[in-house]
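Engineer: Just dropping this structure here.
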Amino acid sequence: KFQADLRIHQQDASVFRFLLQISKCTGSGSSLLQLVETPHLQMCRENAGLSFEFDNAAVQEKVQGMTHRSQARLKRLLGRAMLQSRHGGSRHDLYLQVNISDTSLGEDEAVTTATTTLAALVSDVDEVTTRAPVYKGTRQRAGGRRCTQVATHCGPLSDSLAWEFSKSQDAVDKIKADLNQATHEFESSRNEFILQIGIMRDAKVIYAQQLAEAVSNMNAGLEQAKEKEEERRQVHSDHKHYMSTCRKSISDIVHGQICALTVLRSAILKDSTVSPPDKVIDCEVSDWESNECSKPCDDSCSSGSNPHKCGGWQELTREPVVEGNAFGLRCPPLKRRRRCNQKKCPVDCVMSEWSGFSKCTRQCEGGVQERSRNVLTKAMHGGLPCNTVQEERPCNTQSCDRDCVLSRWSRWSACSAACGGGFHQKRRRVLVPTHANGKCPKASSRKRVRFQKCNVQRCVGDEVCAAVEDVIIAVDASGTLTGDGFSALQAFALQLVDRFRSEYWGIAAMRVGVVQFGNGVFQGDGSMSAALKIADLTSDFASVKAAISTMEWKKGYTNMVQGLSLSQKMLQTSGRRSARSTVLVLTDGRPVFVQQTREKVQQLEDLRIRRFFVVMSAYKSAEFLLMRSLASRPQTANIATVPGIEELQTDPSVFAETVLTKVCAKAVSPSQQKSLSADRGYMLVKLGGICGSRGKLLSRRVQTEQECFQLAKNSDGATSFVLGRRWQKGRCYAATVQITTDAWSTWEAKPQVPECPATSSKKFTRNRLYDFYAIKPDA
């Protein structure tokens with residue numbers, strides 16, 4: 001879908017660009033109304049309505065390939081040109097002109113045709129824009145169809161074609177931006193899937209290794225179990241046979257030999273007088289009791305080894321239960337040793353340390369992290385078995401619908417106007433963007449931006465700008481302005497510069513540069529020509545005014561993007577870090593390539609460069625609304641409108657005062673300052689500087705300059721005082737320099753660059769921590 005729409009709009013843009021090239025003004029005259037003889041344009045009327053045809057087959061073929069909407073736009077443009085040729089006008093000069101010398105018609109017939117056509121256009125322009133088809137090829141009069149040839153006026157027609165071309169190009173740029181956004185989202189999703197696949201692939205490799213190891217261990221265990229089972233059977237068989245032999249031998253000894261001997265002994269001793277059977281007592285002993293084995297295990301024991309050479313020794317003991325006499329059996333040995341623990345020592349399982357947890361398999365909605373460890377030594381001979389070699393834990397269990405995270409509130413900005421009512425603003429920027437269906441307040445929401453009124457006092461009328469600010473004045477010189485409109489903007493720019501001050505109260509204030517746009521022409525590669533640098537960013541306002549006076553009406557396309565780009569470059573390369581950066585645009589509000597203009601405005605917004613627009617257009621007109629959308633926030637405080645050329649020419653100082661108080665963050669009225677100084681009895685002479693020495697410390701905690709003035713006035717003979725700022729805020733000193741009436745009058749008349757009467761060089765001692773005030777001699 002994107003590609004199909006892109007091809008359609010690119011085709012429309014290429015047609016408009018081609019028409020621009022063939023309608024380009026030629027010749028050395030200063031007027032835009034140079035006639036281009038080729039290609040000729042014919043206006044035809046028939047039952048189906050009106051149509052416009054080019055006699056150049058290549059041109060007609062390109063027009064025929066346009067979309068229906070673009071053809072309607074082209075026909076509307078040509079139809080309005082005919083209407084304007086009917087009514088004339090100073091600003092909207094003729095786009096088209098009917099050529100009554102058309103040889104295909106008689107003179108009366110041609111005039112009648114043109115008059116009838118114009119009447120139809122006046123009554124219903126939509127007939128041109130909706131009903132009239134554009135025919136392929138050139139057709140002459142045939143039947144009820146009448147055609148007349150018209151010639152194009154290159155200036156206004158070319159400017160309107162440029163406007164239509166810019167709209168088509170804006171559509172192309174927007175589709176490209178949407179396509180890039182969709183591509184970016186696709187790549188993000190693709191990369192996330194690739195990451196998950198990689199994690200799963202690594203897990204698969206680990207699982208495969210573990211499976212192979214488990215299968216190997218299982219096979220080894222089965223083989224070992226088989227061998228052990230065979231060995232067990234053999235041992236069990238040998239044990240059974242040996243025990244059977246032993247039981248038989250024991251039974252034969254106990255029940256056979258011992259019993260027979262006992263009976264034989266009794267029979268022999270039956271008649272004995274010394275040891276008759278009743279006096280015979282045999283020794284009887286208890287069962288054997290075993291002591292601890294000397295070895296718990298012996299690794300030298302192995303299958304098939306000599307059982308009498310491995311293992312430990314164990315001592316067996318028993319006690320006599322019945323002591324035998326001299327006639328009975330004597331006691332057998334009460335102690336003996338035997339082999340014990342004839343087995344290999346058990347080996348416990350030894351495992352490595354846990355690895356770190358792997359990356360989570362999902363960014364949200366619950367994923368899994370894994371860690372593993374290896375078996376270093378397997379358990380053997382009854383040792384402790386191995387524990388698990390892998391562990392898992394859940395991760396990123398939060399919802400994928402993540403809301404944005406906002407920063408803390410910024411500080412209040414400088415006031416947008418010096419008097420007459422302005423705005424402070426503070427903002428919260430997005431630290432973590434939303435994800436999936438997460439929510440985030442709009443940039444204009446009260447959760448992200450707050451406004452507060454400031455400087456609500458009325459303006460006096462003689463305000464000058466003393467703010468620490470770098471301003472680039474971008475002046476429009478496009479063909480849509482007309483010569484009178486450009487001259488009015490030029491005079492207006494001079495009025496503004498007259499009210500700027502490069503220094504005030506002894507510190508650097510304004511710096512101004514000038515850029516001219518509206519000189520746009522399409523280059524050979526299809527790009528727009530660059531804007532012109534008229535004056536570098538400087539505090540030499542005389543040279544700035546001289547440069548503005550030499551500007552000429554360029555009569556080109558409104559290449560506002562190039563003007564903003566040049567302004568940005570000048571502020572970035574020559575701007576001061578401590579100064580606010582502002583681009584002041586003077587225009588009629590009809591830029592070509594609106595989409596590119598919006599993108600450039602966003603770049604300026606990211607660089608925190610303020611944008612103020614002065615629009616020569618009616619309030620809430622389409623041009624005004626477009627420029628307001630490009631202005632810095634709050635937008636109502638960063639735009640001003642001039643109703644028309646005549647109003648601006650009548651008194652540019654009125655509009656200059658309105659714009660100055662909005663643009664300048666610190667506008668000062670000299671007459672008001674003089675009056676306030678006389679009423680208060682003191683005046684500010686130097687910011688960030690001292691004349692003479694600070695003198696006696698009067699207080700460390702004053703809140704206002706009025707308090708410090710009262711302390712200094714009550715001090716012995718003090719005619720000036722020093723007030724701390726920044727880290728020294730609250731400190732008040734009675735200065736040592738004596739203020740005369742002449743010094744007071746000089747400072748009052750020339751507050752921009754004050755001189756210090758206490759030094760031979762007449763210069764103040766620079767000190768950013770203190771401001772110098774003078775007390776009126778007769779106060």
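The values are calculated or read from the model by the stated rules, or taken from the named source; none is laboratory data. No experiment lies behind these values; they were computed from the predicted model shown. A quick note on method: Cβ atoms are made from the backbone with ideal geometry, for glycine too, and the neighbour counts reach across all protein chains shown. With ligands, DNA and RNA removed, areas are computed over all heavy atoms of the protein, side chains included. Shrake-Rupley method; radii C 1.70, N 1.55, O 1.52, S 1.80 Å.
Engineer: Among the listed residues Q398, Q390, Q457, which satisfies the condition of being surrounded by 14 or more Cβ atoms within 10 Å (Cβ to Cβ), on the phi < 0 side of the Ramachandran plot and polar (S, T, N, Q)?
Structural biologist: On the way: Q398 fails: surrounded by 14 or more Cβ atoms within 10 Å (Cβ to Cβ); Q457 fails: surrounded by 14 or more Cβ atoms within 10 Å (Cβ to Cβ).
Going through Q398, Q390, Q457 in turn, the sole match is Q390.
Engineer: Something else about it: Pick from R628, R598: which is more than 22 Å from A493 (Cβ to Cβ), within 24 Å of the chain's Cα centre (by Cα), crowded, with 17+ Cβ neighbours inside 10 Å and without any contact (Cβ under 8 Å) to a residue 40 or more places away in the chain?
Structural biologist: Numbers: R628 fails: more than 22 Å from A493 (Cβ to Cβ).
Only one candidate qualifies: R598.
Engineer: If you check R362 against the conditions, is it of a type in the set (K, R), free of Cβ contacts under 8 Å to residues at least 24 places away in the same chain and touching a strand residue (DSSP E or B) at 6+ places or on another chain (Cβ under 9 Å)? Spell out the reasoning first.
Structural biologist: Details: of a type in the set (K, R): yes; free of Cβ contacts under 8 Å to residues at least 24 places away in the same chain: no; touching a strand residue (DSSP E or B) at 6+ places or on another chain (Cβ under 9 Å): yes.
Spelling it out, it is not the case that R362 is of a type in the set (K, R), free of Cβ contacts under 8 Å to residues at least 24 places away in the same chain and touching a strand residue (DSSP E or B) at 6+ places or on another chain (Cβ under 9 Å).
Engineer: Among the residues of region 466-477, count how many are crowded, with 19+ Cβ neighbours inside 10 Å and closer than 30 Å to R428 by Cβ. Lay out the reasoning, then the answer.
Structural biologist: Taking region 466-477 first, the residues crowded, with 19+ Cβ neighbours inside 10 Å are 466-467, 469-477.
Within this subset, residues satisfying the condition of being closer than 30 Å to R428 by Cβ are 467, 469-472.
Number of matching residues: 5.
Engineer: State whether one or more residues within region 327-334 are open to solvent by 70 Å² or more (accessible area, probe 1.4 Å) and more than 30 Å from T262 (Cα to Cα).
Structural biologist: Taking region 327-334 as the starting set, the residues that turn out to be open to solvent by 70 Å² or more (accessible area, probe 1.4 Å) are 327, 329-330, 333.
Subsequent filtering for residues that are more than 30 Å from T262 (Cα to Cα) retains none.
No, every residue in region 327-334 fails to be open to solvent by 70 Å² or more (accessible area, probe 1.4 Å) and more than 30 Å from T262 (Cα to Cα).
Engineer: In region 338-375, what residues are over 24 Å from T388 (Cα atoms) and in a strand (DSSP E or B)?
Structural biologist: Scanning region 338-375 gives R338, R339, C340.
Engineer: Inside region 594-629, can you point out the residues that are under 13 Å from S567 (Cβ atoms) and assigned to a helix (DSSP H, G or I)? Lay out the reasoning, then the answer.
Structural biologist: Pass one, region 594-629, residues under 13 Å from S567 (Cβ atoms): 597, 600-601, 603-604, 607, 609-613.
Of everything in region 594-629, those that are under 13 Å from S567 (Cβ atoms) and assigned to a helix (DSSP H, G or I) turn out to be T597, K600, V601, Q603, L604.
Engineer: How about region 296-319: which of its residues are outside any strand (DSSP E or B), open to solvent by 50 Å² or more (accessible area, probe 1.4 Å) and within 30 Å of Q234 (Cβ to Cβ)? Reasoning before the result, please.
Structural biologist: Narrowing region 296-319 to residues outside any strand (DSSP E or B): 296-311, 318-319.
From what's left, open to solvent by 50 Å² or more (accessible area, probe 1.4 Å): 296, 299-300, 302-304, 306-309, 319.
Those that are outside any strand (DSSP E or B), open to solvent by 50 Å² or more (accessible area, probe 1.4 Å) and within 30 Å of Q234 (Cβ to Cβ): P296, D299, S300, S302, S303, G304, N306, P307, H308, K309.
Matching residues to (1) in contact with a helix residue (DSSP H, G or I) (Cβ under 7 Å, 6 or more places away or on another chain); (2) modelled with pLDDT under 85; (3) open to solvent by 60 Å² or more (accessible area, probe 1.4 Å); (4) under 25 Å from E319 (Cα atoms):
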| residue | (1), (2), (3), (4) |
| --- | --- |
| D238 | no, no, yes, no |
| H241 | no, no, yes, no |
| R247 | no, no, yes, yes |
| K270 | yes, yes, yes, no |
| T273 | no, yes, yes, no |
| S294 | no, no, yes, yes |
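Engineer: Which of the numbered conditions does R339 fail, given that it passes all the others? Conditions: (1) in contact (Cβ under 8 Å) with a residue 40 or more places away in the chain; (2) touching a strand residue (DSSP E or B) at 6+ places or on another chain (Cβ under 8 Å); (3) open to solvent by 60 Å² or more (accessible area, probe 1.4 Å).
Structural biologist: Here R339 meets the rest and fails (1).
Engineer: Filter region 275-291 for residues that are part of a loop (DSSP other than H, G, I, E, B), surrounded by 10 or more Cβ atoms within 10 Å (Cβ to Cβ) and in contact (Cβ under 8 Å) with a residue 12 or more places away in the chain and give the result. Show your work before the answer.
Structural biologist: Here is the first cut: in region 275-291, the residues part of a loop (DSSP other than H, G, I, E, B) are 275-276, 280-283, 286-288, 291.
Within this subset, residues satisfying the condition of being surrounded by 10 or more Cβ atoms within 10 Å (Cβ to Cβ) are 275-276, 280-283, 286, 288, 291.
Of everything in region 275-291, those that are part of a loop (DSSP other than H, G, I, E, B), surrounded by 10 or more Cβ atoms within 10 Å (Cβ to Cβ) and in contact (Cβ under 8 Å) with a residue 12 or more places away in the chain turn out to be S275, V280, I281, D282, C283, S286, W288, N291.
Engineer: Could we say that K569 is surrounded by fewer than 19 Cβ atoms within 10 Å (Cβ to Cβ) and either among the basic types (K, R) or under 17 Å from M510 (Cα atoms) (or both) here? Break it down into steps so the answer makes sense when it comes.
Structural biologist: Values: surrounded by fewer than 19 Cβ atoms within 10 Å (Cβ to Cβ): yes; either among the basic types (K, R) or under 17 Å from M510 (Cα atoms) (or both): yes.
So K569 fits the description; yes.
Engineer: If the requirement is being of a type in the set (A, V, I, L, M, F, W, C) and exposed (fewer than 13 other Cβ atoms within 10 Å of the Cβ), which of these qualifies: A414, A436? Before you say what the answer is, go through the steps one by one.
Structural biologist: Working: A414 fails: exposed (fewer than 13 other Cβ atoms within 10 Å of the Cβ).
The unique qualifying residue is A436.
Engineer: Being open to solvent by 30 Å² or more (accessible area, probe 1.4 Å), without any contact (Cβ under 8 Å) to a residue 24 or more places away in the chain and out of contact with any Gly (no Cβ under 8 Å at 6 or more places or on another chain) is true for just one of A508, A491, A530, A542. Which residue is that? Break it down stepwise before answering.
Structural biologist: Working: A508 fails: without any contact (Cβ under 8 Å) to a residue 24 or more places away in the chain; A491 fails: without any contact (Cβ under 8 Å) to a residue 24 or more places away in the chain; A530 fails: without any contact (Cβ under 8 Å) to a residue 24 or more places away in the chain.
From the options A508, A491, A530, A542, the qualifying one is A542.
Engineer: Where residues in region 340-371 are closer than 14 Å to I199 by Cβ and hydroxyl-bearing (S, T, Y), which of them is nearest to the chain's Cα centre (by Cα)?
Structural biologist: Checked region 340-371; the qualifying residue nearest to the chain's Cα centre (by Cα) is T361.
Engineer: If V322 satisfies all but one of (1) modelled with pLDDT of 85 or more; (2) open to solvent by 40 Å² or more (accessible area, probe 1.4 Å); (3) farther than 30 Å from T262 by Cα, what's the number of the condition it fails?
Structural biologist: Among (1) modelled with pLDDT of 85 or more; (2) open to solvent by 40 Å² or more (accessible area, probe 1.4 Å); (3) farther than 30 Å from T262 by Cα, V322 violates only (3).
Engineer: Within region 360-379, take every residue that is at pLDDT below 85 and either in contact with a His (Cβ under 8 Å, 6 or more places away or on another chain) or open to solvent by 50 Å² or more (accessible area, probe 1.4 Å) (or both) and give me the one that is farthest from K439 (Cα to Cα).
Structural biologist: R362
Engineer: May I ask you to list the residues in region 325-336 that are modelled with pLDDT under 90 and either of a type in the set (F, W, Y) or assigned to a strand (DSSP E or B) (or both)?
Structural biologist: Result: F327, single match.
Engineer: How many of the residues making up region 296-319 are at pLDDT 90 or above and either among the hydroxyl-bearing types (S, T, Y) or closer than 19 Å to E231 by Cα (or both)?
Structural biologist: Of the residues in region 296-319, 1 are at pLDDT 90 or above and either among the hydroxyl-bearing types (S, T, Y) or closer than 19 Å to E231 by Cα (or both).
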